[in-house]
1. At 1.4 Å probe size, with every protein chain present, just tell me what the per residue accessible area of segment 105-193 comes to in Å².
2. Hey, which lysines would be in cross-link range of LYS172, C-alpha to C-alpha under 19 Å, not counting anything within fewer than 8 residues on its own chain?
3. In segment 118-264, if every C-alpha pair distance is counted and binned at 5 Å from zero, what percent goes to each bin?
4. Can you give me the P(r) profile for segment 9-94? Cα pairs, bins 10 angstrom wide beginning at 0, each as a whole percent.
5. Determine the gain in length on full extension of the stretch ASP297-THR80; use 0.36 nm per residue of separation and subtract their C-alpha separation, reporting nm with one decimal.
6. Can you send over the carbon and sulfur percentage of the accessible area for segment 115-166, probe radius 1.4 Å, protein chains only?
7. In the neighborhood of ALA122, defined by Cβ-to-Cβ distances under 14 Å, what is the net charge if each Lys or Arg adds +1 and each Asp or Glu adds -1?
8. For a test of the definition: using alpha carbon positions, the gyration tensor, and the 1.5 limit on a/c, classify segment 188-300 as rounded, prolate or oblate.
Amino acid sequence: MARRPAQAASTAQGRGGVLKVVVTLAVVLVGQALLALCLVSAQQLLVPRNMPFGVSGPPSPVVAEVASRAGLDLTSYPNTSAVMEAANRGELYGAYLSTGSADTLVVVPAKSFFAQTELEPAFVAEAHKLHRPVTVRQVAPLASSDPVGAVTSLLLLPLLIGGYLAAVFVFKAAHGVAAAPWRAAILIGYALVGALLTDLIAGLAIGAYSSSHFWPLLPCFWLITSAVALAAAALQALVGKWGTLLVAVLFIAVGGPPAGGLGTYLLPVYWRNIGVILPAQNAVTLVNRVLYFGGNDISTPLTVLFLYAAAGTAVIAWFGRVRPAREAAAARGTQIPSPPGAQTPSPPVRRFRRPPVRGLRRPPVTRPAPPVAAVP
């Protein structure tokens, strides 16, 4: 009879373990399906979509014909110098300058190498078809160490994944505590060390970019890693252990595909709009503009990344300091206050008896005999 309860308990425990395994695998399958959906739908067909493109001079049939087939957002400029300034600031993916005798196609490889491979053949073929002489001119060319402009996307991986893993491992090291007062400081310090290592390895050791970009890129790397790590820690503080999964879904499965390392205006419009509010696309934009365009027009990515870092720090501070302090103050306030002038009773003094030692006997107490009265 005693074995039946034990067997029933072991059977129930085994069923609970199987159920946990099934639920865990189901969650992983959902994440895998979501990643496949986001990645393929965002990167499957990279073509110009509302791509900023400048024109100058009289209307050209070459531009009209190409724009009718490609998704170009044409902006007219008064002269050639205005077009070149906009291209050097990273505002355009290309431009077409039409004159009376010959035309000039301006391409910006640093903006997107793959956009160049779409635009240049289309304009050159159409100009030759219409018997218009055309010259190709490059603005912001890519470095020889980065011939296809992949460095910005490659740098995103260690910065994004590093910040995410830091938050996860610190959360586990704290045994699942919602937030601790020291967590934000530790994550910010880790982000600085990680940014320095990434900058040293990618820049000075491998030579993916020139050494002159070491110091301009270091605070960018620090901000990117800090924003991801602090936001991940804040989500963990809000929803507990499910925050780790939520961070992976938001920042990697959903935020990674629309990062736009190959060119944000090659993405579907809805993916480009989703990526604007997530750290990955803003990180790629920030690094690309600092690396190739002298840091022009970086206010939007800086604002978004600073908001993630500030919001994460605020949530960590709330769960680590503010809320515990308020709970402690509320607990002190619920105690019944003593009336004014009353003396606070001192705690009773507890007296302890020394236990008797076994094996030892007290010596017998001898009392003197009473005096005997004398007989007269």
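1. Numbers: 4230 Å² over 89 residues.
Ligands and nucleic acids excluded, the figure is 48 Å² per residue.
2. LYS241
3. P(r) for segment 118-264, in whole percents per bin: 2, 9, 15, 16, 14, 11, 9, 7, 5, 4, 3, 2, 1, 1, 0.
4. Percent of pairs per bin, in order: 14, 24, 16, 13, 11, 9, 8, 4, 1.
5. Values: separation 217, 0.36 × 217 = 78.12 nm, distance 2.11 nm.
Working it through step by step, the gained length comes to 76.0 nm.
6. Working: 1650 of 2590 Å².
Roughly 64 percent of what the probe reaches on segment 115-166 is carbon or sulfur.
7. Residues near ALA122 contribute -2 overall.
8. On the way: a/c = 2.26, a/b = 1.25, b/c = 1.81.
Here segment 188-300 falls in the oblate category.
The values are calculated or read from the model by the stated rules, or taken from the named source; none is laboratory data. Remember, it's a predicted structure, so these values are computed and weren't measured experimentally. Every residue, glycine as well, gets a Cβ built from its backbone with ideal geometry; the counts of neighbours run over all protein chains shown. These accessible areas exclude ligands, DNA and RNA; they are computed on the full protein's heavy atoms, side chains included. Shrake-Rupley method; radii C 1.70, N 1.55, O 1.52, S 1.80 Å.
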